[in-house]
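Asks: I have a structure I would like to understand better, so I am pasting it below and will then ask my questions one at a time.
Please treat every number below as a calculation from the coordinates, not as lab data. None of the values given here were measured: they were computed from a predicted structure. Note that we place each Cβ from the backbone using ideal geometry, even for glycine, and neighbour counts take in every protein chain shown.
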Amino acid sequence: LNAEETINKIKKLTENNIKIALDDFGTGYSSLSFLRDIPFNRIKIDRSFIKDIESNIQSIAIIKAIAGIGDALGVSITAEGVETASQISLLMRDKCYEHQGYYISKPFEQTHILPWILSYESERISGALTEKEEICLV
């Protein structure tokens with residue numbers, strides 16, 4: 001497929017209420033033109049920016065910029081590779097509220113999803129989680 005065909009197919013998917021995520025944003029072939037030309041619902045920040053967020057000012061600046069772009073475009077931002085509470089605090093400070101990684105949960109079989117969600121919901125109701133934390137299965 002060429003780029004135009006791909007864009008048209010993605011647009012047809014979104015017209016049918018199928019959500020599209022741009023994975024590993026900021027690495028490889030992802031570019032700002034994708035954000036302009038393809039109707040994404042979510043941008044997933046690559047883990048390479050998250051792993052050193054506590055010590056690398058450039059990573060912090062890039063995450064803030066991507067969160068700002070997401071806000072301006074009205075799309076969700078998900079941080080991949082979150083492994084510590086400190087990373088979550090920094091991400092939330094920079095308006096990145098969706099997190100994916102071992103700190104949230106290790107990967108598991110689909111039969112374990114419902115019990116995990118129920119446990120997570122129980123913690124949320126009990127006040128162990130903040131109102132900004134949501135479950136996002138990606």
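Asks: May I ask you to evaluate 6.51 cos²θ - 1.76 cosθ + 1.60, the Karplus curve with θ = phi - 60°, for each residue of the range 90-101 and list the ³J(HN,Hα) values in order in whole Hz, giving x for glycine and proline?
Replies: 5, 5, 5, 4, 8, 6, 10, 9, 10, 10, 9, x
Asks: Identify the GluC sites (Glu not before Pro) of the range 60-121 meeting these criteria: DSSP loop state and at most 10 other C-beta atoms within 10 Å of the C-beta.
Replies: Loop-located and lightly packed - E109.
Asks: Let me ask you something else. Mind listing the long-range amide H neighbours of T78? Cut-off is under 5 Å, sequence gap 5 or more, other chains count too, H placed in the peptide plane at 1.01 Å from N.
Replies: Under 5 Å from the amide H of T78: I43, K44, I45.
Asks: Also: If you take the beta carbon distance between W116 and D37 as r and set R0 to 25 Å, what does 1/(1 + (r/R0)^6) give as a FRET efficiency, to the nearest 0.05?
Replies: Using R0 = 25 Å, I get an efficiency of 0.10.
Asks: In whole Hz and in residue order, list the ³J(HN,Hα) couplings for the range 34-51 that follow from phi through the Karplus curve 6.51 cos²θ - 1.76 cosθ + 1.60, θ = phi - 60°; x for Gly and Pro.
Replies: Ordered by residue, 3J(HN,Hα) equals 4, 5, 6, 9, 10, x, 7, 9, 8, 10, 9, 6, 4, 4, 4, 7, 7, 4 Hz.
Asks: Could you tell me the convex hull volume per residue, in Å³, taken over the Cα atoms of the range 3-107?
Replies: 105 Å³
Asks: Let me have the relative contact order for the range 55-107, percent, based on Cα pairs under 8 Å that are six or more residues apart.
Replies: Over the range 55-107, the number comes to 36 percent.
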